[in-house]
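S.K.: What follows is a single structure, and I will ask about it in a moment.
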Amino acid sequence: MTALSPELPKQISNWFTDQGWSLHPHQRDMLARSGAPAQLLIAPTGAGKTMAGFLPTLAELADGGHNGLHTLYISPLKALAADIKRNLETPVAGMGLPIRIEDRTGDTPNSRKRRQRADPPHILLTTPESLALLMSYEDAPRIFQGLQRVVVDEIHALAESKRGDQLMLALSRLSALCPDLRRVGLSATVDDPAAIARYLAPTGCAVLHADAGPAPDITMLHTDEAPPWSGSGAAYAIPAVLEHVKQHKTTLIFHNTRAQAEVFFHNLWLANDDALPIGIHHGSLDRAQREKVEAAMVAGQLRAVVCTGSLDLGIDWGNVDLVIQIGAPKNVKRLVQRIGRANHRYNAPSKAILVPANRFEVIECLAALEAVQDGDLDGDPRPTGPRDVLCQHILLCACSGPFEADALYAEVTQAGPYADLTRADFDACLTFCATGGYALRAYDKWQRLQQRPDGQWQLRDPRSAALIRQNVGTIQDTDTLKVKMRGRHGAPLGEIEEGFAASLTPGDTFLIGGQIVRYEALREMVVQVSRDKGRRPKVATFMGTKFATSTQLSQRILHLLNQPDWPALPAHTADWLHLQRQMSELPRPSTLLIESFPHDGLAHTCIYGFAGRNAQQTLGLLATRRMEEMGLAPLGFVATDQATLIWGLEELRDPAPLFDLTTLEDGLEGWLSSNALMKRTFRSVATIAGLIQRNIQGQRKSGRQATFSSDILYDTLHRYDPDHLLLQITREEALSGLIDFARLRDLVARVQGRISHRHLDRITPLAAPLLLEVGKVRIDGEGRERLLREETAKLMQDAGLAEI
Amino acid sequence: MLPPYDTRDTLARLEKDLARTRAKSVICLGDSFDDSIAARGISEQEFTWITRLQAGRHWVWIEGNHDPGPLAIGGTHMSELPLPPIQFRHIAQAGSAAEISGHYHPKARVKTKAGEISRPCFLIDSDRVIMPAYGSYTGGLSCEDPVLVNLMRPEALAVLTGDVAQPIPMPGRRKSLHD
C-alpha cells in the first residue's frame, strides 16, 4: 500500500490504514492544494468527491485548536445534507476527531437553529436558502467569524438554476466578512469546466480533474418488436426491461417526466409476474413515500426503482448496477450524469441501456450514444445572473443592516454570475427594492428602503425584515394540491398540479404513486381520492414539463440523417429513412425542409426545424397566426422536438413570409402580452424579487390567490409601465424558457432563407408519425367558421329548409 | 372548481349586451348562481356589480334547481313567470305552449372535415324555445339526448351560437322529418 498523504494528521491516516483504504489521486491532490483560494474538482459519480472535499477540513480540525465555524458545506438537497452528515460522522467518530458536525435546513427545529446561531458547530451542512437566511441576520458577522472553507457540492446542478445565483451572491457577502475564506466546488462531469470555475470564483479558480474512469458500457435496447411510431410510453419494451431487471442486482429506470414514470411503473407492475420488488420515486410523491423508497433502496431491498430527475443528484443509492433510460435522453450531459449512477465502485464501467419510446427516438438514442462515446457534452452558456435574484439579495442585505450602494455593487460583481453586471442594472434593482418602480411608487407597501442622511440604505420599516425572510429562496414550485385517500386518516399520496386537479370531475381516475385512484372531491385544498379497481386510468396523469432536445443533440441527429446509409440503426428504422429519401428528402443542417401535401381532405405543411419542442411549439403558434392573416385558414398544429405539422383549408404556396424575422417578432409581441405563460413567468419573477409574497405571517397563499393578485399587477404594469424592471426580466425569461424564441431566431439565422419547399401528393414517411402525436393545438379562427358555415348550409339544404 | 374569473367574465359580457340592446327587462331562467359560488358567498364586488346592472331595469330571477332559494339580492324572485301569451320557466314542461326555458343548456355537434365542432345552441319549435347557457364556463346537454328529443317537435331547429347564429335541423330529430 502506498503511503497516504504527508498532509494528513496521524489519527486520520491511521484510520484509513485500519480500514485498508488508500486515497484516490484526486483526494490526495485536493489535500495538497488545500491552501488555494478557489478550487474546483470535476469527478464522475462514485469517485469519492465528498471525501475529497472534506479531507482538508478534517486535517485542519484534527488538533482541536479551532473555535467556531470552520467549514460550510452547501448542497442542493436537504436530503443530501442529512446523508453527508451521517457519512461524515462515522469516520470522524472512528478517527476520534474533536469535530462537531450539524446540518441546518428547512427541516431543522427552531430551537436547534437558535442554538446554532449562538454556538456554531465546526462543520455546518446546509442549503443555499438556509445560508441566505442565515446571512440576513444582524449577527451574521459573529456567526461566520473564523470561517475557513466553503464546499459547494453538486455545483454543476446549482449553476443551472437561480438557486446557484443566489448562493454565489451569498458567497460574495461571506468573502467580504471573512477575507481568508477558501472556496471549493465539487462537480460532476460537465461540458465546460472553465465556465463552472468562473461561476464559483470569477477572479481565478484552479480546476482539478479526477480520472474519468473507464468508458461506460452503453447500448440501445434491441427488441424483436419495433418501437411504435409515436408516443412516449415505451410499453412495448416492458418484457425486455423486466428481463434486464431480473439479470441485475439493482436497476434504476429513468424517465424524462413524472407522468411517463407513473404510466411505465403501472405497466411494469401489471407485467411483473415474479413480483420483483420495484418502487417508484419522483418529486410529486409524498415525502414519506419517497423516504420509504429511499430507505428500501439503501437497504438493498429493491430490485428496481422507476424514477425521474429526483434521483439525479448525488445521494448514494447502494448497489445500482444498471441504469435504463426510457425515452430519448434529450440532453447528453444529463444522460452521462444518469449513467454515472450505475456502479458506484470507482474504476468499474457503468452499464446503461437506452430505450427509445418511438421510431424517431431510435435515431435520437443513437445520436446520444455516439455523443457519449465522443465525450461531446451539451450545454448552454449561462446568461448573466438574473436580476430578480439580485433584488431579493439586496432586500436580504438590508435585513442584516444598512449598506452603501457602492460597496454592495463592488461585492455583487465578485459573484461569478454577476461579474458583468453594469452599474445601471444594479441601480435599477436598488430603485425597485426602494420604491417598487415608477407605476407602483404611490403604494406604501412597496416603499421598502430609504436612504439615510449619510447615504447608506436601510429598511424603511425594520418590521418588514420578518416578511422578507419568510419569502427567501428562488424555488418556484408549480402550484400543486395535496392528494389524500378519503377518510379521516386518509394516507397522503403526493401532489398534483392545480390545473390538472381543475380538469377532473368526480369519478375520473388517474395514476399516482403507481396506483389508480378515483377523484372524489376537493376539500380545503386537498384532493380526496378513493382506490379504484380498474386496470386502466381514465386520465393518464398530470402534465409535468417536457425537456426539449438540446441544440447539440439536434445537430447530431441532423448529421446522422444525412449519412448515405445507417448500418448502426435497426433495419425497421433505416428502411423508414430510405423511404423518406426516396419519396421526398431528409432534412439537412443548413437548409430548412418544408413539406406540403394533402391528407384527409386538408392541406398539411410539415416544418422540420429541429429546434426542440418548445421552439417548434412557438413556431406553430406564430406561423398559424401569420397563415390566418394570409387567409390560409389553419385549423391546428402539433409540435415535436424535430418538426411542426400544420393543417388547414388552403395550401401554403410561399413559406417565406412565415420566416421573416421582423414579422415573427411582431407576432410574438402581440401574442406574448396576452399569454398565460408570461403571467406565470411574471408571477415567479415577482415572487423572487419580493413584489408579491407567497408567505404572509406563516399563512401560505394558495396558488390561485397568488395568481390573482400577480395577474392584476401584471396587467397594471403592462398598461402603465411596460418597461418596468420586472416586466423586462419576465420577457427575457419567457423568451429563453418555455417559449424558447432564441432557438427559433437561431433557426431563422441558420437557414438564412435557404428553404427547400417540397410539394407532394401524399403524406411522407417522416411526417406521418406526427399525425399520431398527442398535444394537438386547435386554432379557432376563420377556418373553423368556414367549415361550420358550409356544413350547416348543407344540412339545411338536405332537410329541404334552405329556401324557407 | 370554477375559476373566479367565470363570474366576472359572465358579468362583463352581460354588461356589454345590456348596453348594446338597451334591454328594459332581464329575465334570468334559473341556476343563476351555482353551488360553488353560493357556498363561498358572492363577493362584495360582484354583488355591487349586479346591483349596478339592475338599476333602471325590470329584473326577474326565476328559481332553478341549483339555486339555494332566494338570495339577498335585488329584483323579483319567482318560481315561474307567466307573461301571456308567453310562459317563462326554468325547466321545459311537455305539453305546454309558447314556453321559454333554460336548465338543459343544449349543445349541438356538427361534423366537419376538421372533426366535430360543438356549440351551445337554441332549440326552437312552434311550442317552445330552450335557451343555451349564458355563463362562460357552463357545461351543456347534447341535443341528441332523449330528454330533449322527446320535448321537441320533429321539425325543430337548433340555432348554433357564434359570431353568426347558424340554424340546422335539430340533430337527433333530423331523420324523423322524412319518416
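S.K.: Based on Cβ point charges of +1 for Lys and Arg and -1 for Asp and Glu, what charge dipole magnitude is obtained for the protein assembly as shown about its Cα centre, in debye rounded to the nearest 20?
M.R.: Computed charge dipole of the protein assembly as shown: roughly 1780 debye.
S.K.: Could you give the length gained on full extension between A:H559 and A:D660, defined as 0.36 nm per residue of separation minus the Cα-Cα distance, in nm?
M.R.: Separation in residues times 0.36 nm, less the Cα-Cα distance, equals 33.8 nm.
S.K.: A further question on this structure: Residue by residue through region A:634-641, which ³J(HN,Hα) values in whole Hz follow from phi under the Karplus form 6.51 cos²θ - 1.76 cosθ + 1.60 (θ = phi - 60°), with glycine and proline marked x?
M.R.: Values, residue by residue: x, 10, x, 8, 9, 10, 10, 5 Hz.
S.K.: In nm, give the distance between the simple-model label positions of B:V164 and A:R115, each being 7 Å from the Cα along the Cα-to-Cβ direction.
M.R.: Between B:V164 and A:R115, the simple spin-label model gives 8.0 nm.
S.K.: Suppose each label sits 7 Å from its Cα in the direction of the beta carbon; what would the A:D63-B:E80 distance come out to in nanometres?
M.R.: Result: 10.1 nm between the two label points.
S.K.: In sequence order, what are the phi-derived ³J(HN,Hα) couplings for region A:444-461 according to the Karplus relation 6.51 cos²θ - 1.76 cosθ + 1.60 with θ = phi - 60°, rounded to whole Hz, with x for glycine and proline?
M.R.: Once rounded to whole Hz, the list reads 4, 5, 9, 8, 9, 10, 9, 9, 7, x, 7, x, 6, 9, 8, 5, 5, 10.
S.K.: Strictly greater than 27 Å: what percent of every Cα pair in region A:217-374 meets that?
M.R.: 15
S.K.: So, one more: Of A:T662, A:A170, A:I339, which is farthest along the charge dipole of the protein assembly as shown in the positive direction, counting Lys and Arg as +1 and Asp and Glu as -1 at C-beta?
M.R.: It is A:A170.
S.K.: Once you place label points 7 Å from the Cα toward the Cβ at A:R488 and A:T384, how far apart are they in nm?
M.R.: For A:R488 paired with A:T384, the spin-label model returns 6.0 nm.
S.K.: Output needed: percent of Cα pairs per 5 Å distance bin for region A:1-112, bins running from 0 to the one holding the longest distance.
M.R.: With a bin width of 5 Å, the distribution comes to 2, 10, 20, 24, 22, 14, 5, 2, 0, 0.
S.K.: Run through all the Cα pairs of region B:80-179 and give the fraction in each 10 Å bin from 0, expressed as whole percent.
M.R.: Distribution as computed: 16, 49, 29, 5, 0 percent.
S.K.: Can you give me the relative contact order of region A:217-374 as a percent, contacts being Cα pairs under 8 Å and 6 or more apart?
M.R.: Rounded, it is 34 percent for region A:217-374.
S.K.: Region A:407-448: which chymotrypsin sites (Phe, Trp or Tyr not before Pro) are DSSP loop and have at most 16 other beta-carbon atoms within 10 angstrom?
M.R.: Hits after loop and neighbour filter: A:Y443.
S.K.: Take the alpha carbon atoms of region A:151-293, find their radius of gyration, then divide it by 2.2 N^0.38 Å using N residues; give the quotient.
M.R.: That ratio works out to 1.47.
S.K.: Also: How long, wide and thick is region A:359-483, going by the Cα atoms along their three principal axes, in whole angstroms, largest first?
M.R.: Result, largest extent first: 67, 43, 27 Å.
S.K.: For region A:745-804, what log10 I(q)/I(0) values come out of the Debye formula at q = 0.23 1/Å, with one point per alpha carbon and no solvent?
M.R.: Values returned for q = 0.23 Å⁻¹ are -1.02.
S.K.: Another one. Hey, any idea what the orientation-averaged projected area of the convex hull of region A:527-644's Cα atoms comes to, in nm²?
M.R.: Mean shadow area of the hull around the Cα atoms is 12.1 nm².
S.K.: Once both axes come from the Cα atoms, what is the angle between helix A:359-374 and the longest principal axis of chain A, in degrees from 0 to 90, rounded to 10?
M.R.: 30
S.K.: Strictly greater than 20 Å: what percent of every Cα pair in region A:614-679 meets that?
M.R.: Everything past 20 Å amounts to 26 percent.
S.K.: Also, quick follow-up: I need A:T663, A:T549, A:T687 ordered by Cβ neighbour count within 10 Å, fewest first.
M.R.: So the ranking, lowest neighbour count to highest, is A:T663, A:T687, A:T549.
S.K.: Using alpha carbons only, what's the Rg to Rh ratio of the protein assembly as shown with Rh from Kirkwood?
M.R.: Reported Rg/Rh (Cα atoms, Kirkwood Rh): 1.00.
S.K.: Using only the alpha-carbon atoms, how far is helix A:10-19 inclined from the longest principal axis of chain A? Give it as 0 to 90 degrees, nearest 10.
M.R.: Between helix and principal axis, roughly 50 degrees.
S.K.: Can I ask one more? When only Cα pairs under 8 Å and 6 or more residues apart are kept, what is the percent relative contact order across chain A?
M.R.: Worked out over chain A, it gives 11 percent.
S.K.: Angle, helix A:162-177 long axis vs. longest principal axis of chain A, Cα atoms, 0 to 90°, nearest 10?
M.R.: 20
S.K.: Relative contact order for region A:397-535 using alpha-carbon pairs under 8 Å, separation at least 6, rounded to a whole percent?
M.R.: It rounds to 16 percent for region A:397-535.
Quick note: the coordinates plus some simple rules give every number you see, no bench work behind them. It should be emphasised that the depicted structure is a prediction, and the values quoted were computed from it without experimental measurement. Glycine gets a Cβ as well: all are built from the backbone with ideal geometry, and neighbour counts include every protein chain shown.
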